[in-house]
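Asker: One structure follows; several queries about it will come next.
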Amino acid sequence: MTQHTRAKSEIFTPSGQIQFGVFFQGVNSGTIWKAAESGSQTDFESFRRIAQTAERGLFAAFFLGEGLRLREHLGRPHALDVVGRPDAQTMLAALASVTKNIGLVATQNTTYNDPADLAHRLASLDLISGGRAAWNIVTTDNAWTGANFRRGGYLDHADRYKHAEAFVETAKRIWDSWETPDGPASRVLHQGQRYTVDVTPRLPRSAQYRPVLFQAGDSPEGRNFAARQADVIFSAHPKFDDAVDFRKDLVERSVAAGRGANAVQIMPASEFILAPTAAEAAEKKEWVRSLQIGPQQAIAYLEQFWGRELSTYDPDGPLPEIDPVVEETSETRGSGFHGAKARQLADQWRAEAKDKGLSIRQFVTSKTARIDSTFTGSYTAVADHLAEYARVGAVDGFNISPWLIPTGLDDIVNHLVPELQERGVYPTEYRGSTLREHLGLETPVRTADEAAAAVRA
Ligand SMILES: Cc1cc2nc3c(=O)[nH]c(=O)nc-3n(C[C@H](O)[C@H](O)[C@H](O)COP(=O)(O)O)c2cc1C
C-alpha cells in the first residue's frame, strides 16, 4: 500500500508514538517572568536556550505565537504586559542558524497578511532552514487588531474562515507552481472573490516541498478548515477523555473532507510540572502557581473584567463588593477576556469565592491555572500516562508551554523524554532533516489536473 492510499483510509490508525513541540509564549499568566530564575522574553538568548534544549530532547517543533497589538488595561497599555514579542519569522530565521533539526513554526494570521507576500516569506524561512518551516494559521479578525492596519474590523467574523481558505489556497498555488524542485515556476494568475494575484514565484521548493501547515482554532468552522487544509491542529484539548473525543470529531471531519482518517495530526497545548515523586511534584505545583499569579497579577486580572482600578483591595482578602463598570469586556483586554459578561461574571465569581473561602489571589490562581492542560506528577507516572495516549492515539503529541523561560524544558528533556523512550513511545533520533519527515507527513502530491490548471492559469 502506498503512503497516498493509506492516508485516504477511513479507519484511523494510531502511530503509537508521541512527539513534542514547544510553545514559547509572550507575557501571560502561564509563564513566570518575575522570578529570580526568569530570563528575558525578548532577548535572543532565551529563545536560543529553549530551542536548543528542545532539540536535545528531539522535539519536532518550536512554536511562536503572534500578537499584533498590545493589550490595554484601563485605557493604557497593560503595564504587566508591555514588552511584546519579537516578530515570529525574524526570530525563527535567527534560530534556524543555531539549530539543525527542529521544526520552526510561525503563527501568522490570514486576515491582515497578503498571500503572495506571506507565501514568499514562509518559503524563505523554509529554504534557509533546510525544510523546517511551518505556518500556524490563525484568523485573528477583531477590530482592535485591525486598527493597527487602518482596516479595523473590516472582515465579517462569520466570514473569517472563508477568507482564510482563499488565502491558504492562493499560497499553496504559489508554492505548487514549480514544475520540478528546480523550476521553472509557472505564473500564478488568480482572480477570486477575495484575492486577485498575478505572481511568478521567486523561490524554488524547499527540501520538504512547502511549509507544513498547522492550524489553531477550535470552533466547528475552525475544525472543518483544519480538516480540509492542515497537516497538524494545535488543539486546546489535552485531557485524556476530551482528547479522545476531539480525535473522533476530527477524524470524522477529515474523512468527510475526503482526506482520510489520519490526515490531520493533533497536538494540544499543555503544561508539565514534574519531579522525582508525586509529593514533590504537588509541592512544586503550589510554588509554580504562587509565582504565576503574584499579588499585582491577581488584582490586574480582576481589573480586566471590572474595568476599574482595584488597587486598594487586598489580594489576600475577598473579591471586591463594588460592581464592574463594564457590562461586557472589549477586545482591548485580549482574547481571554474578550466578550465576557462582566457584571454577570462578577456576581458568579463573588458567590463562588465565598462558597469556597477563596481570597482574590487564590481565586484568580484557580481561574488561570490552566488546570485542564496541566500534567503534574512523577516522571514515571506522567510517562505511563502519556504512553496510554500513544497507545490509543488520543493525540500525536503535545505542544508544551514552559512555565519558566529559559530553563523550563530541562526536566522534561532530562527525565521525561528518557522515560518515554524506554516505553518505546518517543523517537530516539530525528527521522530525517525536515519537519515533514519528523512528523511522518507525506509530501504533498499535485494531481495532474491541478498541475494542468496551474499551467493554464
Ligand atoms: C491553542 C491555540 C493557540 C492559538 N494561538 C494564537 C496566536 O498565537 N495568535 C493568534 O492571533 N491567535 C491564536 N489562536 C486563536 C485562533 O486563531 C482563533 O482566532 C481563535 O481560536 C478563534 O477561532 P475559533 O473560533 O475557530 O476557535 C490560538 C488558538 C488556539 C486554540
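The values are calculated or read from the model by the stated rules, or taken from the named source; none is laboratory data. A quick note: this is a predicted structure, and the numbers were derived from the prediction, not measured. Because the Cβ atoms are built from the backbone with ideal geometry, glycine has one as well, and the counts that use them run over all protein chains shown.
Asker: Of the residues Ala123, Ala133, Ala171, which is closer than 23 Å to Thr42 by Cα, within 22 Å of the chain's Cα centre (by Cα) and either in contact (Cβ under 8 Å) with a residue 24 or more places away in the chain or not assigned by TED's automatic domain parsing to the domain that holds Ala269 (or both)?
Answerer: On the way: Ala123 fails: closer than 23 Å to Thr42 by Cα; Ala171 fails: closer than 23 Å to Thr42 by Cα.
Residue meeting the stated conditions: Ala133.
Asker: Let me ask something additional. Given the options Ser206, Ser219, name the one that is closer than 23 Å to Arg436 by Cα, modelled with pLDDT of 85 or more, in the same structural domain as Ala116 (by TED's automatic domain parsing) and among the hydroxyl-bearing types (Ser, Thr, Tyr).
Answerer: Ser206
Asker: Looking for whichever is over 30 Å from Thr145 (Cα atoms), in contact with a helix residue (DSSP H, G or I) (Cβ under 8 Å, 6 or more places away or on another chain) and of a type in the set (D, E, K, R) here; the options are Glu331, Glu321, Glu327. Which one fits? Outline the logic, then answer.
Answerer: Values: Glu331 fails: over 30 Å from Thr145 (Cα atoms); Glu327 fails: over 30 Å from Thr145 (Cα atoms).
Answer to the check: Glu321.
Asker: Given Ala79, Ala60, Ala54, Ala36, which one is crowded, with 18+ Cβ neighbours inside 10 Å, over 20 Å from Val138 (Cβ atoms) and either of a type in the set (Gly, Ala, Ser) or assigned by TED's automatic domain parsing to the domain that holds Glu422 (or both)?
Answerer: Ala54
Asker: Okay, moving on. I'd like to check which helices (runs of 4 or more DSSP H) are fully inside segment 206-314 and have at least 3 residues that are within 16 Å of the ligand (Cβ to nearest atom) and either in contact (Cβ under 8 Å) with a residue 40 or more places away in the chain or of a type in the set (D, E, K, R) (or both).
Answerer: Details: elements: 220-229, 240-256, 278-292, 295-306.
Those helices (runs of 4 or more DSSP H) span 220-229, 240-256.
Asker: Let me ask something else. Here are Thr312, Thr329: which of them is outside the structural domain of Leu74 (by TED's automatic domain parsing), over 30 Å from Phe272 (Cβ atoms), surrounded by fewer than 19 Cβ atoms within 10 Å (Cβ to Cβ) and among the hydroxyl-bearing types (Ser, Thr, Tyr)?
Answerer: Of the residues listed, the single one that is outside the structural domain of Leu74 (by TED's automatic domain parsing), over 30 Å from Phe272 (Cβ atoms), surrounded by fewer than 19 Cβ atoms within 10 Å (Cβ to Cβ) and among the hydroxyl-bearing types (Ser, Thr, Tyr) is Thr312.
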